[in-house]
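Written below as structure tokens is the structure these notes are about.
The values are calculated or read from the model by the stated rules, or taken from the named source; none is laboratory data. Note that this is a predicted model, so its numbers are computed, not measured. Heads up, the Cβs are rebuilt from the backbone with ideal geometry, glycines too, and the neighbour counts pull from every protein chain shown.
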Amino acid sequence: MTARVLNGKELATKIRGELKTKVEELNEKDIFPALAVVIVGNDAASRVYVNAKKRACSEIGILSYEYALDEDTTEQDLIELIHKLNNDHKISGILVQLPLPKHINEDKIINSIDIKKDVDGFHPVNVGKLMIGNPQFLPCTPAGVMELILESGIDISGKECVVVGRSNIVGKPMAILLLSKNGTVTICHSKTENIEEKIKSADILIAAVGKPEFIKGSSIKKGAVVIDVGVNRLEDKKLVGDVEFESASKVASAITPVPGGVGPMTIAMLMKNTVKAAVMQKEGNMS
């Protein structure tokens with residue numbers, strides 16, 4: 001058995017095409033979605049991500065404004081910039097590229113973003129709305145994973161769903177979204193006992209642990225759906241996920257590749273959130 005490869009790149013291209021049409025329609029109504037991207041310092045991976053986000057904006061017709069700040073920018077200066085962007089009516093969404101330099105408190109920065117412009121879905125208010133089943137903006141990576149699963153015709157209801165990783169950005173919101181579709185959810189992490197056993201029980205496995213090829217095919221239940229959120233660069237510069245693709249694809253019924261799986265979906269969801277933010281701000285119906 002060879003797993004069906006879930007092509008995130010293909011689905012993301014389709015979503016971006018639909019968004020392009022929507023943005024053209026919005027422009028005719030004088031609504032111009034715009035994303036402010038803030039990057040602090042010279043982290044090479046962050047620069048790659050920021051450039052990819054700007055390219056996606058340009059392709060769809062979303063305006064993008066980059067604010068590239070020096071590594072030694074103070075926390076206060078960054079907060080002042082965010083307040084300025086919060087009050088700028090032409091900006092629909094604000095994205096602060098993480099990680100930030102050590103001297104800046106990420107929580108403080110996330111908390112300073114207006115919830116109406118929090119297109120990453122990281123603000124505690126937006127996290128709370130997600131938790132109670134009334135989300136304003138879905139966090140981009142978990143939202144992209146859900147879209148990929150559902151568009152691929154995979155039913156979540158009643159399935160054993162195992163999320164490996166408990167970060168605020170992926171693991172926790174991922175579990176909530178799976179739960180919202182009636183999955184039975186287990187979250188595994190570094191302190192989980194019998195982790196192999198837990199992984200092996202998964203009908204749907206989400207790997208978001210940040211360890212290259214951590215999960216082997218031998219740990220995966222036959223016929224499971226495997227979604228690999230990990231992006232790890234090996235010493236030879238090769239990109240791999242948290243799952244060993246070759247062995248896993250012989251056991252799973254469906255699997256995402258790295259690259260070309262979840263990554264393009266994350267950016268597509270960011271674009272979707274930015275367009276949504278622009279519409280909601282124009283309609284003035286945001287709480």
Revision key, fill the gap. Taking the range 87-116 and keeping only residues that are surrounded by 14 or more Cβ atoms within 10 Å (Cβ to Cβ), among the polar types (S, T, N, Q) and farther than 17 Å from A68 by Cα, one is left with S92, N111, S112
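Suppose we filter V127, V119 for residues that are of a type in the set (A, V, I, L, M, F, W, C), within 23 Å of A45 (Cα to Cα) and either buried (at least 20 other Cβ atoms within 10 Å of the Cβ) or outside the structural domain of Y49 (by TED's automatic domain parsing) (or both); which single one remains? Walk me through it before giving the result.
Working: V127 fails: within 23 Å of A45 (Cα to Cα).
Selected residue: V119, the only one of V127, V119 that is of a type in the set (A, V, I, L, M, F, W, C), within 23 Å of A45 (Cα to Cα) and either buried (at least 20 other Cβ atoms within 10 Å of the Cβ) or outside the structural domain of Y49 (by TED's automatic domain parsing) (or both).
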**Study point:** Residues located in the range 153-180, provided they are of a type outside the set (V, I, T), assigned to a loop (DSSP other than H, G, I, E, B) and more than 18 Å from the chain's Cα centre (by Cα)
**Key:** G153, D155, S157, G158, K159
Point to revise | Matching residues in the range 57-80 - criterion: being within 29 Å of K20 (Cα to Cα) and free of Cβ contacts under 8 Å to residues at least 60 places away in the same chain | key: S58, E59, G61, L63, S64, Y65, E66, Y67, A68
Check your understanding: Taking I60 and the conditions (1) assigned by TED's automatic domain parsing to the domain that holds A36; (2) crowded, with 16+ Cβ neighbours inside 10 Å; (3) under 15 Å from V38 (Cα atoms), which numbered condition does it fall short on, given that it satisfies the others?
Key -> (3)
Point to revise | Test: E197 is outside any loop (DSSP other than H, G, I, E, B) and charged (D, E, K, R) | key: yes
Check your understanding: Looking at this structure, is I82 touching a Ser or Thr at 6+ places or on another chain (Cβ under 8 Å), modelled with pLDDT of 95 or more and under 26 Å from E106 (Cβ atoms)?
Key -> yes
Check your understanding: If we keep just the residues of the range 197-228 that are closer than 22 Å to D155 by Cα and among the charged types (D, E, K, R), which is surrounded by the fewest Cβ atoms within 10 Å (Cβ to Cβ)?
Key -> K222
Practice item. Could you tell me whether the range 74-86 includes any residue that is surrounded by 12 or more Cβ atoms within 10 Å (Cβ to Cβ), polar (S, T, N, Q) and in a helix (DSSP H, G or I)? Key: yes
Revision key, fill the gap. Only one of V231, V258, V251 is buried (at least 22 other Cβ atoms within 10 Å of the Cβ), among the hydrophobic types (A, V, I, L, M, F, W, C) and either touching a strand residue (DSSP E or B) at 6+ places or on another chain (Cβ under 8 Å) or within 22 Å of E151 (Cα to Cα) (or both), namely V258
